[in-house]
Structure formats: C-alpha cells, structure tokens
Amino acid sequence: MESLPYYRPRSLIDAFELLAAVSDARWIAGGTDLLVQARKRSQSCGLISLRSIEELGNITTEPDGGLRIGAAMVLSDVRKNRAVRKSCPVLCEAIDVLGSRQIRNVATLGGNLCNASPAADTAPALLALDARVELVSADSRRELPLHDFILGPGKTALKVGEILSALLVPSQLESGACGQAFIRKGRVKMDLAIVSLAVSLSMDGDRCRDIRVAAGAVAPVPLRLIAAEDLLRDTELDDVAIAAAKESAMATVSPIDDQRASAFYRRQLVGVFLERAVRRAAGLAGGESV
Amino acid sequence: MSLHIQFELNGRSTQAKIEPQARLIDTLRETLSHTGTKEGCGEGECGACTVLVDGRVINSCLYPAAEIDGAEVTTIEGLAEGGRHLSPIQSAFLESGGVQCGFCTPGMIMTTVGLLGENPDPSEEEVRDALTGNLCRCTGYVQIVDAIRLAARTLQEGKS
C-alpha cells in the first residue's frame, strides 16, 4: 500500500502546484493541533508542509510602521522579534502562555488561528491589535479583518486552495502613550484557557483616547467587546466607567460550562480581567516608554 | 514510497530511510534504536519525548521526521561524554534525587539542556515555567527543580 506523502515545498508556487497535483492533501505548519486531531480521528491524507516557505516565515515592517508577520513563523521566533516586542507586547504576553516551550518552538500563528479554537491564545491579542489576515491562493490575494476570519469553533473563512499567509498588524505607535495587557487563566499553565482577555489602549494624558478589548474562551469565537470599549473610550478610566464596562462585557459574552470551568465562573473572570487589564495597560501607557 | 533523510544525530552524520509521515520519535526509537526518548502521551502534552532540534526543545511525538533533514538533533543519548561520563545535568539529577521511575527523566533533562542554554542562571520560578511542558507522576517536581538549579550552579562554577 502506498504510504501517505509528506511534501516540503520551498515556495508558494511549488506549494500550490502540489495542492493541485495531489489528491486529498492538507496544509501543515507546526502540526501541533493537526497531528493530534488526525490521530484522534484516524484521519489520513497527504501533507504539504509550509515550514520551508520563506515568504511565510519572516516578519517585515511596513513603511507606516505596521508589521507583516509570516503565518508560518514559529511562535518562539515571533516572540523574539524586536519589532514585535516593541509594538505588540500583548501578543508577546499571549505567546508566553501558549502551551509549552516545546509547543512554541514548532507552533505558528497561522495554525493557531486556522484551528479556530474559541480559546485560541493568540486571537484575543491579535484582535486587540486590530490585525488583519492575508489569504492567498494560486491566483488570488485578499485581506480580512481577523474577526471576519474566525467564524465558529474550528471554522474559518479560508477557502479551499487558500493559505493564511500573513498577519497584518497595523502600526500601534501613535502620538500619546500606549499600553497593552493580556491576562489568561487556565487550571495549570499548560491548559486551554478558561478565560483570556487582551487590551490595547492609547491615552491622552488622563483620558483614554482609544481602546480595544478582546476576550477568548467565553464565546464560540474569540471576540472584541465593542460595547465595553465604547464605555471606556474618551473617559478617564474612572471607577464608574470601568464598572459599566465590566457589566457590559459580562453581559456580552456567552461562556459555557465544561470540564475546565463553569459559565458563571468564566463570566465573573471576564469582568475581573477587564478591570485588571485596563488598569495595567493604562499604567503602562502613563509612565513608561513603550 | 520512502524518504531519505540526512541529518546530524548527537554530533554524528546519520542517514535514515523513513515513511514520509513518520514521527521523529518513531524514527529515533525504532529506526535508529535510540530508545532513551520516551512516548508518554503521543499528543505533545507530557514532554517525555522531548529532544532538541537545532538547539530547540520540541516534542518528537508531534515532529515529522521528514523535517529533520539537514538539521542537528540531540537526544538523551548524546549527553554523556563518550557515552560513559554523565554530563553535569545528568549528575545533578542523580545527586538531587530527581529521578524515581525515570520515565519522564530523559525529557526533563533535555528540557533542562534547552533552558540552561538560553538562561544559565534561572530562578526557581523560571525553572518551573520551563518545565510547563514536562509532566512527572512520581516526584512532585521538587527534587527535579533542585536538580536543575544544582546543574545551573555546577555549570556556572565550571566556567569561572
């Protein structure tokens, strides 16, 4: 019996040619989700590895200060990148708590997002950064806001023949101070998130000029808490504003009971984390240089 | 149809013929008879299968063997000098009593190699964080952490 193939194309062109030529083949990047699932479900198909494709594994800075992060770059490399450390500390914090070192040395942003777990650790951070995804196929290229890419548990807007090629993070450097924070709770460190929450804000003196808040593991998809943001924007992040935002956030999310935590507990944590993350981000914006 | 891979295993140039979708752990244990690396879960959770690829700790149960073509792989078998004199990390595990059944130990030690390579003087917190991906059912981790801190001290002293 023919054993199932594993290809290592060096370019996107080669990758798309393989996809067209090999029946029933799937993309694989780090494989830390895919290989586990394939084993559990006794799935078998050809695999086309994205690990050796240079365009998918590097980071470039756009002229306006935005970042293009190759979707197949391993998380530990994303984490070490100077530009990411400088402008996306919330993403660094999320990567630091994802899995373990062994996983982070192999797993990728693209894989984490395409797996589309409601608890995906990098998603709230990328939502707070207002990231977009770049999707390419043999003959097309398009962009989507990240919140239009993840559609449901395990479901994305990726079309057959497409690859998530890059994360496009807009410039986070603005005049006025910025701060970012990420908080996450799991039963132990290497566990799916029970709740995760990311904040990115900019301050104008005491006033919050703009803010983005995103939560994970509390809805079918990682989501921006738009109503809570509206209650914090243009305020001095005083106790009244924060209390209102907490209530709004807790009402917006739709957590479930599962073996990790109850819906009630998750809902409580959303409120607690919202307050903590907002205060921490505001503190970072206030005093220290980014 | 099999693939031929060529790579460096514990410093020695090595070749292997593999099924295209072979897992690195199976290539190491079955094809190359390097059985020091253990399979505890097959899902990347327990870390018993930890080896180093190009200096980085990875779970060999989830790593395609095809991807190590051209790479440098280090397993537990590669640590003892001449295969006989235990490395400082290995000695520290013995001295600290950080071994009971021993099944998690190769993985713990390889993770330690990775940690001390990046951070030669880790705090207890940093050691525990580095062990996030390595489970032990026997020891309760205390003496494993002791072993790693002892190894760090020994290695630092060796340098001065």
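Just so it is clear, none of the values below were taken in a lab; they were calculated from the coordinates. No experiment lies behind these values; they were computed from the predicted model shown. Virtual Cβ from ideal backbone geometry, glycine too; neighbours counted across all protein chains shown.
If you put +1 on each Lys and Arg Cβ and -1 on each Asp and Glu Cβ, how big is the dipole of chain B around its Cα centre, in Debye rounded to 20?
About 380 debye.
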Note the angle between two axes, namely the Cα long axis of helix A:263-286 and the longest principal axis of the Cα atoms of chain A, as a number of degrees from 0 to 90, rounded to the nearest 10.
-> 70 degrees
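How much length is gained if the chain between residue A:24 and residue A:3 is pulled fully straight, taking 0.36 nm per residue apart and subtracting their Cα-Cα distance, in nm to one decimal?
6.2 nm
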Just the number, please: percent antiparallel of the DSSP beta bridges in the range A:1-129, rounded to the nearest 5.
-> 40 percent
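Average the reciprocal distances over every distinct pair of alpha-carbons in the range A:176-249, invert the result, and give the Kirkwood radius in Å. Walk me through the intermediate numbers first.
Details: mean 1/r = 0.0768 Å⁻¹.
One decimal place: 13.0 Å for the Kirkwood radius.
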Over all pairs of different Cα atoms in chain B, the reciprocal of the mean inverse distance gives a Kirkwood radius in Å of 15.9 Å
Between the Cα axis of helix B:105-118 and the main Cα principal axis of chain B, the angle (0 to 90°, nearest 10) is 80 degrees
Isotropic mean projected area of the C-alpha convex hull, the protein assembly as shown (nm²) = 23.1 nm²
Charges only on Cβ, +1 for Lys and Arg, -1 for Asp and Glu: so what's the dipole of the protein assembly as shown about the Cα centre, in debye to the nearest 20?
-> 660 debye
Which loop GluC sites (Glu not before Pro) in the range A:97-176, with loop taken from DSSP, have no more than 14 other Cβ atoms within 10 angstrom of their Cβ?
-> A:174
Of all DSSP beta bridges in the protein assembly as shown, what percent run antiparallel (nearest 5)?
-> 90 percent
Measure up A:86/A:159; A:80/A:185; A:80/B:17; A:159/A:246; A:86/A:185 against 31 Å on the Cα-Cα distance and list the ones that go over.
-> A:86/A:159; A:80/B:17; A:159/A:246
Kindly state, to the nearest 0.05, the FRET efficiency for residue A:151 paired with residue B:126, given R0 = 45 Å and r defined as their beta-carbon distance.
-> 0.70
Work out the FRET efficiency for residue B:72 and residue B:2 from their Cβ-Cβ distance, taking R0 = 22 Å, and round it to the nearest 0.05.
-> 0.50
Inter-part gap, Cα centre of the range B:89-148 to Cα centre of the range A:45-103, in whole angstrom, is 28 Å
Where in the range A:234-259 does the label zone of residue A:279 land, with the point 7 angstrom along Cα→C-beta and an amide N cut-off under 17 Å?
-> A:236-247
Which whole-number percentage describes the relative contact order of chain A, with Cα contacts under 8 Å and a sequence gap of 6 or more?
-> 16 percent
Within chain B, helix-based [θ] at 222 nm, where runs of 4 or more DSSP H residues each add -39,500 (n - 2.57), nearest 500 = -9000 deg cm²/dmol
Using a 10 Å Cβ count of at most 12 others and DSSP loop calls, identify the longest part of chain A lacking such trypsin sites (Lys or Arg not before Pro).
-> A:42-158
Farthest toward the dipole's positive end in chain A, which of A:156, A:117, A:34, given Cβ charges of +1 (Lys, Arg) and -1 (Asp, Glu) about the Cα centre?
-> A:34
Among GluC sites (Glu not before Pro) in the range A:215-265, those in a DSSP loop whose Cβ has at most 16 other Cβ atoms within 10 Å are A:236
